[in-house]
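Peer 1: Attaching a single structure in structure tokens format; questions to follow.
The values are calculated or read from the model by the stated rules, or taken from the named source; none is laboratory data. Everything numeric here is computed off the predicted structure, so don't read it as measured data. So basically every Cβ, Gly included, is an ideal-geometry build from the backbone, and we count neighbours across all protein chains shown. Just the protein is used for accessible areas: all its heavy atoms, side chains included, with ligands, DNA and RNA removed. Shrake-Rupley method; radii C 1.70, N 1.55, O 1.52, S 1.80 Å.
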Amino acid sequence: MAIKSSIYLRRAEREDLDVVVEWMEDPDFLYFLYGDPARSPKRIREQIVSMLGRNASQSMPGGVYFIVDSPRYGPIGLIAIQNISWRNRSCSVDTYIGEKKLRGGFASAVALFRALEYAFHELNLHRATLYVYAFNKASRRLIERSGAVHELTMREHVARGGTLYDMYGYGLLRREFETFRNEVAERMPEALLEANQAAEAAAAAKQGGESAS
Amino acid sequence: MIRTEHGVIRTADPDDANAVRRLFPPDRPRAFFLDRRRELTYPTVDEFWQIFNQRDASHLPFYAVEDLAGQVQGFITLRASTSEASFGELVLMFGHEEAYEAPFAEEALQFLCQTAFRERRMNKVVAQCLDTETACRAFLTARGFESDGVQREVLYTQGCWRDLESLSLFSANAAALLPREEAPAR
């Protein structure tokens with residue numbers, strides 16, 4: 001069971017590259033990303049190609065990357081499940097929503113939920129770590145609502161526009177995610193359906209569109 | 001080589017690789033040996049040889065800390081962070097718990113703090129301790145380090161989960177560890 005929504009995760013295709021590069025070149029988007037904000041467009045493109053090219057179908061990948069897609073909006077963001085440790089059964093999860101109007105809203109929440117579901121129920125991990133800048137209030141709220149525990153406050157850890165900001169670290173253990181998931185199920189029983197139903201519907205619609213053209 | 005009142009601080013030589021194996025047996029996990037995925041790594045003597053031989057402008061080399069008898073008691077270094085924010089990761093590892101109470105440990109920390117805050121003008125230094133590294137944690141907190149928080153169950157080793165604590169010391173709180181700055185001559 002999962003939250004009912006037409007938003008789903010899928011492997012990135014070659015044709016997604018342009019839209020992801022477009023997000024990454026947006027200064028407003030870069031402001032929230034870790035890394036050197038002065039990276040050149042060429043470097044950004046190389047980074048994305050290398051990231052998306054990693055094979056999620058490997059039996060023990062070090063990272064998996066998904067496009068957050070929606071039949072209504074099209075590709076809206078990128079999910080990175082990285083630093084996967086198969087010994088510690090842990091990972092870090094980063095959610096990037098490229099579409100400004102959807103940041104911090106329901107779409108972001110569903111994307112994060114899907115990523116956590118994948119990490120815990122498909123990869124069978126034990127712990128997810130999420131980092132967020134203190135000024136990214138929308139993401140903080142989203143992460144806190146997912147049941148993650150605020151574990152770290154790294155003071156004056158990142159510089160933006162000449163000012164040092166705090167960075168927060170959150171940890172979510174599998175048992176905490178299950179509690180959160182059950183709470184969601186209790187609160188919104190009507191909003192549950194099979195996890196891939198929306199994705200299948202979207203895929204079918206897309207296939208229909210391609211056949212028609 | 002720096003002769004201090006209670007020992008010697010010198011760059012680690014490749015020959016010190018054997019001392020690392022002697023001082024840090026794998027049965028006691030240390031935060032220093034965690035990689036970015038928080039997995040424990042135990043470099044071989046040859047790998048330590050290479051680590052000690054590396055020269056990277058952004059990182060301090062590894063330093064060996066000797067007591068007055070000339071015995072290597074531990075290793076220290078300062079890893080520079082990204083250029084985004086000016087901080088460094090401090091590594092201060094001694095083979096025996098009681099070494100953290102010895103005066104050469106204090107001298108080693110002063111040396112690192114002076115390098116970080118005076119020479120490299122860093123804003124803060126950070127350090128990490130596993131929940132098993134109680135002596136190291138006590139040593140750091142007694143000298144002004146403050147906890148940034150604890151990441152729960154990040155490491156699985158020897159059949160149980162381990163927590164990892166992050167600590168930091170800001171330059172403004174490090175005065176006690178630094179020599180008094182002299183006013184510039186007129």
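Peer 1: Please go through segment B:118-136 and give me each residue that is buried (at least 23 other Cβ atoms within 10 Å of the Cβ) and assigned to a helix (DSSP H, G or I), ordered by number.
Peer 2: B:C136
Peer 1: Hey, another quick one. Looking only at segment A:13-35, how many residues end up being closer than 20 Å to A:D166 by Cβ and modelled with pLDDT of 80 or more?
Peer 2: 0
Peer 1: Would you check if A:R72 is in contact (Cβ under 8 Å) with a residue 60 or more places away in the chain, surrounded by fewer than 21 Cβ atoms within 10 Å (Cβ to Cβ), over 22 Å from A:I7 (Cα atoms) and charged (D, E, K, R)? Talk me through it step by step, then tell me what you get.
Peer 2: On the way: in contact (Cβ under 8 Å) with a residue 60 or more places away in the chain: yes; surrounded by fewer than 21 Cβ atoms within 10 Å (Cβ to Cβ): yes; over 22 Å from A:I7 (Cα atoms): no; charged (D, E, K, R): yes.
No: the conditions fail for A:R72.
Peer 1: Can we say B:E165 is part of a strand (DSSP E or B), of a type in the set (D, E, K, R) and open to solvent by 10 Å² or more (accessible area, probe 1.4 Å)?
Peer 2: Working: part of a strand (DSSP E or B): yes; of a type in the set (D, E, K, R): yes; open to solvent by 10 Å² or more (accessible area, probe 1.4 Å): yes.
Criteria met by B:E165.
Peer 1: So, of the residues in segment B:17-38 that are at pLDDT 90 or above and not in a loop (DSSP other than H, G, I, E, B), which turns out to be farthest from the chain's Cα centre (by Cα)?
Peer 2: B:L34
Peer 1: A follow-up question, please. Against the condition open to solvent by less than 10 Å² (accessible area, probe 1.4 Å), more than 14 Å from chain B (Cβ to nearest Cβ) and assigned to a strand (DSSP E or B), how does A:I79 come out, does it pass?
Peer 2: yes
Peer 1: So is B:D46 touching a residue at least 12 places away in the same chain (Cβ under 8 Å), acidic (D, E) and farther than 30 Å from A:L125 by Cβ or not?
Peer 2: Yes, satisfied.
Peer 1: Condition check: in contact with a helix residue (DSSP H, G or I) (Cβ under 8 Å, 6 or more places away or on another chain), within 19 Å of A:K100 (Cα to Cα) and modelled with pLDDT of 80 or more. Does A:L9 satisfy that?
Peer 2: So A:L9 passes the test.
Peer 1: Additional query: Just one of (1) part of a strand (DSSP E or B); (2) away from chain A (no Cβ under 12 Å) trips up B:F111, so point out which.
Peer 2: B:F111 satisfies every listed condition except (1).
Peer 1: How many residues are in a strand (DSSP E or B) and either within 24 Å of B:G88 (Cβ to Cβ) or more than 7 Å from chain B (Cβ to nearest Cβ) (or both) if we restrict to segment A:172-181?
Peer 2: 1
Peer 1: Here's something else I'd like to know. Pick from B:G88, B:G149, B:G74: which is within 14 Å of chain A (Cβ to nearest Cβ), open to solvent by less than 30 Å² (accessible area, probe 1.4 Å) and either in a helix (DSSP H, G or I) or in contact (Cβ under 8 Å) with a residue 24 or more places away in the chain (or both)?
Peer 2: Details: B:G149 fails: either in a helix (DSSP H, G or I) or in contact (Cβ under 8 Å) with a residue 24 or more places away in the chain (or both); B:G74 fails: within 14 Å of chain A (Cβ to nearest Cβ).
Step by step, each of B:G88, B:G149, B:G74 is checked, and only B:G88 is within 14 Å of chain A (Cβ to nearest Cβ), open to solvent by less than 30 Å² (accessible area, probe 1.4 Å) and either in a helix (DSSP H, G or I) or in contact (Cβ under 8 Å) with a residue 24 or more places away in the chain (or both).
Peer 1: Take the residues in segment A:88-136 that are touching a residue at least 40 places away in the same chain (Cβ under 8 Å), surrounded by fewer than 21 Cβ atoms within 10 Å (Cβ to Cβ) and among the charged types (D, E, K, R), then tell me which one is nearest to B:G159 (Cα to Cα).
Peer 2: A:E117
Peer 1: Select from segment B:128-146 the residues that are within 12 Å of another protein chain (Cβ to nearest Cβ) and closer than 22 Å to A:N83 by Cβ and list them in ascending order.
Peer 2: Passing the criteria: only B:Q128.
Peer 1: Sticking with this one: How do the strands (runs of 3 or more DSSP E) wholly within segment A:85-164 filter down when requiring 1 or more residues that are on the phi < 0 side of the Ramachandran plot and more than 14 Å from chain B (Cβ to nearest Cβ): which remain?
Peer 2: A:90-97
Peer 1: Considering each residue of segment B:78-95, count those that are in contact with a helix residue (DSSP H, G or I) (Cβ under 8 Å, 6 or more places away or on another chain) and either of a type outside the set (G, A, S) or at pLDDT 95 or above (or both), and give that number.
Peer 2: Total meeting the criteria: 6.
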